[in-house]
1. Would you mention how many residues in segment 498-517 are assigned to a loop (DSSP other than H, G, I, E, B) and in contact with a Phe, Trp or Tyr (Cβ under 7 Å, 6 or more places away or on another chain)?
2. Please work out if ALA322 is within 16 Å of the ligand (Cβ to nearest atom), open to solvent by less than 10 Å² (accessible area, probe 1.4 Å) and either more than 21 Å from TYR505 (Cα to Cα) or touching a Ser or Thr at 6+ places or on another chain (Cβ under 9 Å) (or both).
3. Is it fair to say ARG107 is in contact with a Pro (Cβ under 7 Å, 6 or more places away or on another chain) and of a type in the set (Lys, Arg)?
4. From the list LEU497, LEU476, LEU482, LEU506, exactly one residue is open to solvent by less than 40 Å² (accessible area, probe 1.4 Å), over 30 Å from MET250 (Cα atoms) and more than 16 Å from the ligand (Cβ to nearest atom). Which is it?
5. Identify all residues within segment 336-354 that are in contact with a strand residue (DSSP E or B) (Cβ under 9 Å, 6 or more places away or on another chain), within 16 Å of ALA531 (Cα to Cα) and either open to solvent by less than 90 Å² (accessible area, probe 1.4 Å) or part of a loop (DSSP other than H, G, I, E, B) (or both); write none if there are none.
6. Of all residues in segment 412-430, which are more than 16 Å from the ligand (Cβ to nearest atom) and open to solvent by less than 60 Å² (accessible area, probe 1.4 Å)?
7. If I ask for residues that are open to solvent by less than 30 Å² (accessible area, probe 1.4 Å), touching a residue at least 40 places away in the same chain (Cβ under 8 Å) and in a helix (DSSP H, G or I), which ones from segment 43-84 would you list?
8. Working only within segment 91-137, note down all residues that are under 22 Å from the mean Cα position of the chain (by Cα) and not in a helix (DSSP H, G or I).
Amino acid sequence: MQSETKYIFVTGGVMSGLGKGVVSSSIAKLLQLSNQRVSCVKIDPYLNYDAGTMNPIAHGEVFVTDDGGECDMDIGNYERFLNQSIPRTHNITTAQIYSSVIESERRGEYLGACVQIIPHVTDAIKDRIRSIAKSESLDVLVVECGGTVGDIESLPFLEALRQMRLEEGSDNVVFVHVTLAPSLDVVGEQKTKPTQHSVQELRRIGIQPDLMAVRCSRLLETSAKRKISLFSNVSEKDVFSCHDAESILMVPQMLYDQGIIDVIFKKFGKVGLVNTSTNWDKWNTIVNSFVNVKDQVRIAMVGKYVKLADSYVSVNHALKHAGSKIGKNVVIDWIDSEELNGEVDRLSQYHGIIVPGGFGERGAEGIIKTANFAREKNIPYLGICFGFQLAAVAFGRYVCGLSSANSTEINPNTQDPVIDLLPEQKFIENKGGSLRLGANEIKVENDTLGFKIYKSNTIFKRHRHRYEFNQKYLELFNTKGLQFSGYSDSKKRMEILEIPNHKFYLGVQFHPEFSSRPGYPEGSFEAFIQAASSA
Ligand code: GLN
């Protein structure tokens, strides 16, 4: 039953949104820096099969993996911290587990047994986690359980994790519990009662945490640490302060300085595993590049879901990655395209304009006007997916004289469907998992901005769309000065658009933000910020 892999299970208490994802990613990063083969898994106890059908304003961005998974945004955190791609199987939901159990039952695999949460559902959860560890030959797998202890939905998952400690042995499993120690005002005492209660709740279901990671606005006070230790039955040296930091990338160092790696290795019975200095040097250079930025580059992000910063979290990060690479502080103003109305003039104060992905009619006209404004005023423009499509619509309307140019997503009866459904999408009825998803090959033409950015004729980029440029208009657009410099599937679909005589006007049908990493910004973002900072 026992595997070679060690497990770190991260649970959360008090409330959601505490940054369990950052704690999990930071621990994984420290292990990776200590030469461990490591990866992360996110459990989402909700009943959606995946994050694909969820509104980004309510739940944050849908992160797309190379293999076409529509995942929770924490997967993006893991990829960015670890600088490695995470497969879609690493995002486990209740719906996936129950579907597999029900399918097995229908196939008669339970041989007449009454199928129950314990052991059948918990077995399915454990199998899924173990199969990831095994198939990827991991030294350590960090598993983050979403939600808050006490939620009904997460109970089967926590029960499965509890059983795993029993089966794998306590020196192969470490439980980390992330909680909050609020202080009522800036100088006030840090309160530990919510943490005490959440640990009690965790113990009630049979889980004794090994480590506590306590979120707080400033360094956790000794007195608070002592109380938490006493009430949680966790020794003081195993209580870690996760106070606010200038950048989330500083959290690994913060935890390392408090000795977390030694504590984890000791629990795992591993000795002599020290960080190699070259790994640390590289990572620290990257972290410092985010802190030592000068000169502001002001970017307007005009989108549909700007009310929640998490809706475009990968785009925000990708912009920062690009800025830090060239030593510039990227300041992003989120502008709701629906509220922009006719007032696009206010965008002239920005060094660059970015339009991220989006779905549906609301706010689309504001984006079309934005794309046109950037073109007319020679302001650097980067359009992603929806931003690519609506830039083409704007070009159709304002340059090619197609006054009713539109996407059929916005107006299904338009006379000029410049953007139309992908042919293979026409007969699809289910919304879930049915978009064109994941990494696909794109060919890039020589002597174009696209080639200047990617320095290659072949690139692979992640996608998430149902609509595309309508080839019927290709020649007209070309003659009017818009060039398609990247395409896929033997020119069946257009992937990159540019306007050669513009300072920087680039639209991409794919999502470059998902492959941008700290220290390694994605090419189109880097070129965009470079152009904006010399604007
Ligand atoms: N709604 C558009 C489509 O489905 C764009 C999608 C996106 O921006 N991710 O093609």
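The values are calculated or read from the model by the stated rules, or taken from the named source; none is laboratory data. What you are looking at is a predicted structure, and each value in this text was computed from that prediction instead of being measured. Here the Cβ is made from the backbone with ideal geometry for all residues, glycine too, and neighbour counts use every protein chain on show. Quick note on the areas: whole protein, heavy atoms, side chains included, nothing else; ligands and nucleic acids left out. Shrake-Rupley method; radii C 1.70, N 1.55, O 1.52, S 1.80 Å.
1. The first filter runs over segment 498-517 and keeps only residues assigned to a loop (DSSP other than H, G, I, E, B), leaving 499-504, 509-511, 516.
Restricting the remaining residues to those that are in contact with a Phe, Trp or Tyr (Cβ under 7 Å, 6 or more places away or on another chain) gives 499, 504, 509, 516.
So the answer is 4.
2. On the way: within 16 Å of the ligand (Cβ to nearest atom): no; open to solvent by less than 10 Å² (accessible area, probe 1.4 Å): yes; either more than 21 Å from TYR505 (Cα to Cα) or touching a Ser or Thr at 6+ places or on another chain (Cβ under 9 Å) (or both): yes.
Taking the combined requirement at face value, the residue does not satisfy it.
3. Numbers: in contact with a Pro (Cβ under 7 Å, 6 or more places away or on another chain): no; of a type in the set (Lys, Arg): yes.
Answer is no for this residue.
4. Values: LEU497 fails: more than 16 Å from the ligand (Cβ to nearest atom); LEU476 fails: open to solvent by less than 40 Å² (accessible area, probe 1.4 Å); LEU506 fails: more than 16 Å from the ligand (Cβ to nearest atom).
After ruling out the rest, the residue left standing is LEU482.
5. TYR350, HIS351, GLY352, ILE353, ILE354
6. The answer is ASP416, and nothing else.
7. ALA51, GLY52, PRO56, ASP74, GLY76, ASN77, TYR78, GLU79, ARG80, PHE81, LEU82
8. ASN91, ILE92, THR93, GLU136
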